[in-house]
Amino acid sequence: MYLTDRSAPVKAGTDRPRRRGPGRTVAPVVLVLGTVSLITDISSEMVTAVLPLYLVTTLGFSPLGFGTLDGVYNGVSALVQLTGGHLADRVRNHKLMAGLGYGLSALCKPLLLLAGSIGALGTVLALDRTGKGLRTAPRDAMISLSTPAARQGRAFGVHRAMDTTGAMLGPLAAFLILRAAVDGYDAVFGVSACVAAVGVLVLVLFVPGRRHGPKTDEAVGDAADEAVVADGRQPVRVREALALLRLPQLRALAGCAALLGLTTVSDAFVYLLLQRRAGIGEEWFPLLPLGTAAVFLLLAVPVGALADRVGRRTVFLTGHAVLLTGYALLLWAPATPALPVAVLALHGTFYAATDGVLPAALAAVVPDRLRASGLALVGTSQALARFCCSLAFGAAWTVWGDGPALAGSAIGLLCCAGVASIVLRPAETSR
């Protein structure tokens with residue numbers, strides 16, 4: 001089966017309730033990691049919300065210059081994900097690698113106060129995304145290894161919902177700071193650094209620091225609560241991690257994630273396009289990510305649970321169809337007050353249907369001891385493709401204008417989604 005179209009069967013006894021109360025459907029480590037992500041996303045999204053306008057209007061960057069920086073912002077983390085995922089599996093300490101990543105990103109926030117040129121900003125953003133690349137695969141591996149296969153979508157949905165709560169609060173905080181502070185951008189960057197430090201502290205104090213080793217299905221739900229004894233195997237080698245690409249299912253996931261990523265316009269460009277299309281004032285620009293985050297928050301858990309029931313392939317591809325609809329509205333819908341609401345709602349729905357569903361699909365594909373490496377391979381293929389998309393979209397906007405650039409992306413997404421729907425075929429037709 002390519003993109004798990006049905007939940008993988010769970011052995012008898014593995015789905016028994018382990019806890020009482022409202023948190024019984026997800027492991028405690030998922031909730032704690034969600035809290036860390038919530039706090040960190042407040043910090044990150046404060047910067048992300050104001051960065052496009054800061055670069056384009058305050059520093060005078062062209063769309064091509066901004067596209068280059070945006071590509072760096074997304075592309076560096078893609079390359080580093082492979083390192084973070086492999087090292088986490090090799091040392092069997094996912095918390096250590098995640099902590100290094102969160103710490104590096106926190107250290108970069110104050111440096112934004114000193115960077116004023118494209119070279120300095122590019123360096124700081126590259127370091128910040130290096131931190132993100134180091135932490136993403138180990139963090140998702142901890143979530144995956146702590147959750148039974150049948151509830152992967154729900155667990156990632158809960159984490160993404162908490163993460164998105166921070167993504168909502170970050171732009172709101174940036175908006176309030178910009179309205180209240182004289183040097184608004186500097187104040188945003190300074191507060192962001194303080195919040196990021198709090199997130200690292202929560203990770204260090206409350207995320208279990210146990211080594212994750214290979215586990216039986218019966219133990220998967222208790223990984224957050226019980227130490228796993230190493231089984232004496234040799235450390236994971238690079239050759240073993242790369243050998244995952246021999247798995248047809250993982251190759252299909254990585255290939256389709258890259259293919260679709262090549263035509264997925266970055267969030268920053270979507271918000272810039274929406275601002276120009278709808279005539280939104282600059283003072284309201286930091287609130288645009290809030291709309292996406294609100295819809296993502298509302299739908300992350302139910303859509304993740306839906307993917308567990310009806311098939312992750314169907315939900316994943318539907319999410320890209322929703323994104324294509326958003327592109328169509330930006331291209332052809334009249335500039336009415338309803339346009340921002342509709343585009344942001346579709347944008348948030350796209351993330352709810354794809355962001356947690358993709359790593360959830362890997363639960364039945366990648367062995368436990370290589371889980372972080374497998375997540376990194378797929379995540380890297382997607383992020384590198386989006387890096388290329390940012391560069392190409394920025395160049396197309398500079399040469400031909402924003403409308404033709406978006407039209408080209410929409411046509412490309414339609415074609416790529418058609419190919420992906422064939423490659424990510426149901427298990428019944430892939431035998």
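Tabulated data for the structure shown
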| item | result |
| --- | --- |
| Computed label-point distance, nm, for sites VAL198 and THR398 using a 7 Å Cα→Cβ extension | 3.9 nm |
| Stretch gain in nm, segment THR336-LEU107, where the contour uses 0.36 nm per residue and the Cα spacing is subtracted | 78.3 nm |
| Spin-label model distance (nm) - SER421 vs ARG246, 7 Å beyond Cα toward Cβ | 3.5 nm |
| Proxy reagent accessibility, fewest Cβ within 10 Å first, across CYS416, CYS108, CYS256 | CYS416, CYS108, CYS256 |
| FRET efficiency, 1/(1 + (r/R0)^6) with R0 35 Å, evaluated for ARG237 and THR325 via beta carbons | 0.20 |
| Sequence of CYS415, CYS388 once ranked by neighbouring C-beta atoms within 10 Å, starting from the fewest | CYS415, CYS388 |
| Sequence of ILE411, ILE143, ILE422, ILE42 once ranked by neighbouring C-beta atoms within 10 Å, starting from the fewest | ILE422, ILE411, ILE42, ILE143 |
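Readers should treat all values here as calculations from the given coordinates under stated rules, not as data from a laboratory. Remember, predicted model here, so these are calculated numbers, not experimental data. Cβ coordinates were reconstructed from backbone atoms using ideal geometry, including for glycine residues, and neighbour counts include every protein chain displayed.
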